[in-house]
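The values are calculated or read from the model by the stated rules, or taken from the named source; none is laboratory data. This is a predicted model, so every value here is computed, not measured. Cβ placement follows ideal geometry from the backbone for every residue including glycine, while neighbour counts extend to all protein chains displayed.
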Amino acid sequence: MASARGALIVLEGVDHSGKTTQCMKLVEALKKHGQKAELIRFPDRTTAIGSVINDYLGNKCELHDFAIHLLFSANRWEAVPRMEKLLSEGTSLIVDRYAFSGVAFTAAKGLDMRRCQHSDIGLPRPDLVIYLTLPPEEAAKRSEYGGERYEQTDFQKKVAENFKVLQEDDWKILNANQTIEELHTHILQLAKEAVTKSSCQPILPLWK
Ligand code: Z5A
């Protein structure tokens, strides 16, 4: 009998909603519960492609909007062999931003959303997408925007609108305006259910 695979769990959400905080806590909690789990962050700035993305986000270089879009997408595709291996070995992957960010951010520049989705079609489809919402005034209290490209309130509003268009019926939408521990408890419960439910199911392709 084939052994159980890991679950692909994606956290998306508005800026400063606590995605990274929650992803890290979730990995630790799943491990404590005896599950194999690993954190993956996109963009992965450690690869050659990620290094160009890092320069772009830090305003150190300029690229055509669609060129940087494809680099974000390529940054996910280059991770796929490792992701598939880990999932098949029973490790659940907790992913901090995924293709939905890719589309929501590029489309906020005015590019056609369907065209933006194209380069991510066929990526491993998440078993669970958790989307964190937070009113802009609460986000502003958490930390200053840094100097990175995209860290502007008007642009972030457009991104949030695009996420609404991309949302699918099975997304779990959580209000991030609660304590880190309260939010974590809720996310851990959803993650445990996803791990159990997906263990014997095939990994499906995204947006196909
Ligand atoms: N991007 C793109 O354009 N295309 C793509 O395909 C992808 C990404 C994948 C860099 O992303 C940029 O890349 C991003 C999207 C674009 N641009 N923007 N904007 P990144 O993932 O490297 O960085 P980030 O997404 O901008 O991080 P973030 O959104 O600002 O933060 P977060 O992960 O949601 O939150 P956090 O770091 O966990 O927490 C933020 C602060 O709030 C921190 O001080 C925490 O201690 C605090 N915090 C967290 N939770 C709470 C609660 N519950 N209460 C109070 N305070 C809290």
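So if I check each of GLY146, GLY90, which one is modelled with pLDDT of 95 or more and out of contact with any Cys (no Cβ under 7 Å at 6 or more places or on another chain)?
Values: GLY146 fails: modelled with pLDDT of 95 or more.
Sole residue among the options that is modelled with pLDDT of 95 or more and out of contact with any Cys (no Cβ under 7 Å at 6 or more places or on another chain): GLY90.
Considering only residues that are acidic (Asp, Glu) and farther than 22 Å from LEU87 by Cβ, which ones fall in the range 22-60?
Taking the range 22-60 first, the residues acidic (Asp, Glu) are 28, 38, 44, 55.
Residue satisfying the conditions is ASP55 alone.
So which residues in the range 47-63 are touching a helix residue (DSSP H, G or I) at 6+ places or on another chain (Cβ under 9 Å) and not hydrophobic (A, V, I, L, M, F, W, C)?
Those that are touching a helix residue (DSSP H, G or I) at 6+ places or on another chain (Cβ under 9 Å) and not hydrophobic (A, V, I, L, M, F, W, C): THR47, GLY50, TYR56, LYS60, GLU62.
Check GLY34 against each of (1) without any contact (Cβ under 8 Å) to a residue 24 or more places away in the chain; (2) over 25 Å from GLU89 (Cβ atoms) and name the one condition it does not meet.
(2)
Specify the residue that is farthest from the ligand (Cβ to nearest atom); the eligible residues are those in the range 125-139 that are surrounded by 21 or more Cβ atoms within 10 Å (Cβ to Cβ) and assigned to a strand (DSSP E or B).
That would be LEU128.
In the range 156-173, what count of residues is obtained for those that are touching a residue at least 12 places away in the same chain (Cβ under 8 Å) and under 20 Å from ARG125 (Cβ atoms)?
Summing the residues that are touching a residue at least 12 places away in the same chain (Cβ under 8 Å) and under 20 Å from ARG125 (Cβ atoms) in the range 156-173 gives 10.
Can you work out which of the residues in the range 156-165 that are within 12 Å of the ligand (Cβ to nearest atom) and closer than 30 Å to GLN201 by Cα is farthest from the chain's Cα centre (by Cα)?
Taking the candidates together, the pick is ASN162.
To keep it simple, each residue is scored yes or no on (1) in contact (Cβ under 8 Å) with a residue 60 or more places away in the chain; (2) surrounded by 21 or more Cβ atoms within 10 Å (Cβ to Cβ); (3) outside any helix (DSSP H, G or I); (4) away from the ligand (no atom under 13 Å from the Cβ).
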position: LEU87; (1), (2), (3), (4): yes, no, no, yes
position: ILE94; (1), (2), (3), (4): yes, yes, yes, no
position: ARG115; (1), (2), (3), (4): no, no, no, yes
position: ILE121; (1), (2), (3), (4): yes, no, yes, yes
position: LYS141; (1), (2), (3), (4): no, no, no, no
position: GLU148; (1), (2), (3), (4): yes, no, yes, no
position: GLU151; (1), (2), (3), (4): yes, no, yes, no
position: ASP154; (1), (2), (3), (4): no, no, no, no
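Residues that are near the ligand (Cβ under 9 Å from one of its atoms) and surrounded by fewer than 16 Cβ atoms within 10 Å (Cβ to Cβ): find the helices (runs of 4 or more DSSP H) completely inside the range 1-85 holding 2 or more of those. Steps first, answer last, please.
On the way: elements: 19-32, 48-57, 65-77.
The helices (runs of 4 or more DSSP H) meeting that bar are 19-32.
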